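Below is one structure; the comments refer to it alone.
Just so it is clear, none of the values below were taken in a lab; they were calculated from the coordinates. This one's a predicted model, so the numbers in the text were calculated from it and none came from an experiment. All Cβ positions, even for glycine, are placed from backbone atoms using ideal geometry, and neighbour counts span all protein chains on display.
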Amino acid sequence: MSKNLRKNLQIAIDGPAGAGKSTVARMVAHELGMFYLDTGAMYRVISYKVLKNGILPEDELAVTRIAQETEITFDHRDRDVVLCDGEIVTSQIRSPEVNRTVSIVAAYAGVRERLVKIQRVEAAKGNVVMDGRDIGTFVLPEADIKIFLTASTEERAARRLQEIQATGINMTYQQVLDDIENRDSMDSQRQHSPLRPAEDAIIIDTTTLAVDEVAEKIVSLISSS
């Protein structure tokens with residue numbers, strides 16, 4: 001199917017925490033033979049390094065400095081592998097501590113400017129599926145296809161709890177639900193590139209859908225566009 005895609009096709013998939021963005025975006029990219037970039041992982045890397053260096057997430061200047069000097073790369077042999085300054089941090093960036101601080105770190109203009117610049121450079125290299133919270137509204141406003149995934153808060157918390165428990169970390173459903181609600185609030189109310197659907201985005205409620213069903217919907221939309 002990928003050979004039928006037009007050149008430099010850009011697909012933006014946005015949505016709140018736990019909506020299934022990364023999993024769906026990865027499936028869509030694989031199905032279409034496109035490059036996938038997990039922008040959320042990039043912000044998580046900065047949060048991880050901030051915490052590792054004992055920097056307060058509320059210290060905007062220090063956090064911005066970290067973002068400016070950090071090298072973020074993805075292992076091209078396995079797109080799930082994320083590296084921070086050459087160190088594999090794939091599992092570390094999914095910790096509850098990073099979950100609680102990433103929205104604070106991602107709200108800073110200096111951090112977003114640095115990472116958005118990297119994201120746009122990657123997108124210019126060819127056909128790309130990119131997911132995040134401001135891809136269709138800010139990072140790639142001219143994207144060919146814009147999708148906004150959503151789901152009920154309760155369903156998103158249940159999904160995130162399952163992911164966390166799979167890593168061996170113990171958290172209660174209520175703790176995860178509280179984290180999700182806090183992230184939603186910070187992401188939607190931040191000053192720089194707040195979470196919201198692009199005006200021309202297609203909104204898909206994934207509450208009752210399996211990830212493969214969501215991916216199929218998006219692939220069908222792309223194929224018929």
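Things worth noting here:
- Karplus 3J(HN,Hα) series, Hz, for the stretch 176-188 with 6.51 cos²θ - 1.76 cosθ + 1.60 (x for Gly, Pro): 5, 4, 4, 4, 4, 5, 5, 5, 4, 5, 5, 5, 7
- Each Lys and Arg contributes +1 and each Asp and Glu -1, all at the Cβ; summed about the Cα centre of the stretch 1-145, the dipole is approximately 320 debye.
- Each Cα pair under 8 Å and six or more residues apart adds its separation to the average, and for the chain the resulting relative contact order is 33 percent.
- Under 5 Å between amide hydrogens, built in the peptide plane, is the criterion, and for residue 14 it picks out 132, 147, 148, 149 among residues at least 5 positions away or on other chains.
- Take the Cα of residue 152, go 7 Å toward its beta carbon, and the backbone nitrogen atoms of the stretch 193-214 under 13 Å from that spot belong to 206-209.
- Average Cα contact separation per residue, the stretch 59-117, under 8 Å, 6 or more apart, as relative contact order %: 33
- Among the listed values [x] 16.6, 50; [y] 19.2, 61; [z] 18.3, 65, the one computed from these coordinates for Rg and Dmax of the Cα atoms in Å is [x].
- Distance cut-off 11 Å, percentage of C-alpha pairs in the stretch 125-170 lying past it: 73
- Once both labels are positioned 7 Å from their Cα atoms along Cα-to-Cβ, the gap between residue 173 and residue 118 label points is 3.7 nm.
- Sequence ranges 119-127, 14-22, ranked by mean other-Cβ count within 10 angstrom, highest first: 14-22, 119-127
- Eligible lysines near residue 217 by straight Cα distance, threshold 17 Å, same-chain separation 8 or greater: 21, 146
- Taking 131, 144 and counting other C-beta atoms within 10 Å, the order from fewest to most: 144, 131
- Across the stretch 21-26, rounded Karplus estimates of 3J(HN,Hα) from the backbone phi angles (6.51 cos²θ - 1.76 cosθ + 1.60, θ = phi - 60°) give 3, 5, 4, 5, 4, 5 Hz, Gly and Pro being marked x.
- Remark: spin-label model distance residue 202-residue 73 equals 3.6 nm, labels positioned 7 Å along the Cα→Cβ axis.
- The DSSP beta bridges internal to the chain are antiparallel in roughly 25% of cases.
- Where labels lie 7 Å past Cα in the beta-carbon direction, separation of residue 221 and residue 30 in nm: 2.1
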